[in-house]
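Worksheet: one structure, shown below.
Nothing in this text is a laboratory measurement; each read-out follows from the coordinates by a stated rule. Keep in mind that this is a model prediction, so the values were computed, not measured. Here Cβ is always computed from backbone atoms with ideal geometry, including for glycine, and neighbour counts include all displayed protein chains.
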Amino acid sequence: MVHIAVLTADQILPDLESWWARQRANGLDQTRSAAKIAVITGPSRTADIAMELVLGMHGPRELHLVILPAQTAA
């Protein structure tokens, strides 16, 4: 499976706190919304079958980003 994400350059942030700050500025209630957020940091791993480690068991095998120029105010 391949995942293709299309985003603008201004959507790329340096860290998670910057993302939270942007969400708060847009009215997100951090305490109520945090339970709905999953941060995926890399390929999944499991050792369920015969205790043999398998990487990338779930989710896409490849990630492709299409980064468009930042949007400007019209």
Write out the trypsin sites (Lys or Arg not before Pro) in region 34-74 meeting two conditions: DSSP loop, and at most 16 other Cβ atoms within 10 Å of their Cβ. 61
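Before rounding to the nearest 500, sum -39500 (n - 2.57) across all DSSP H runs of length at least 4 in the chain and divide by the residue total; then give [θ] at 222 nm in deg cm²/dmol.
-4500 deg cm²/dmol
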Identify which of 17, 52, 62 has the largest mean-square fluctuation in a Gaussian network model of the chain, with springs joining Cα atoms closer than 10 Å. 52
Identify the residues of region 3-28 with backbone N under 19 Å of a label point that sits 7 angstrom from the Cα of residue 37 along the Cα-to-Cβ direction, or state none. 8, 10-28
With angles folded into 0 to 90 degrees, how steeply does helix 16-25 sit against the dominant principal axis of the chain? Use alpha carbons for both and round to 10. 40
By how many nm would the segment from residue 20 to residue 55 grow when fully extended, if each residue of separation counts as 0.36 nm and the alpha-carbon distance is taken off? 9.6 nm
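Once you order the gyration tensor axes a ≥ b ≥ c over the Cα atoms, which shape class does the chain get: rounded for a/c under 1.5, otherwise prolate or oblate by comparing a/b with b/c?
oblate
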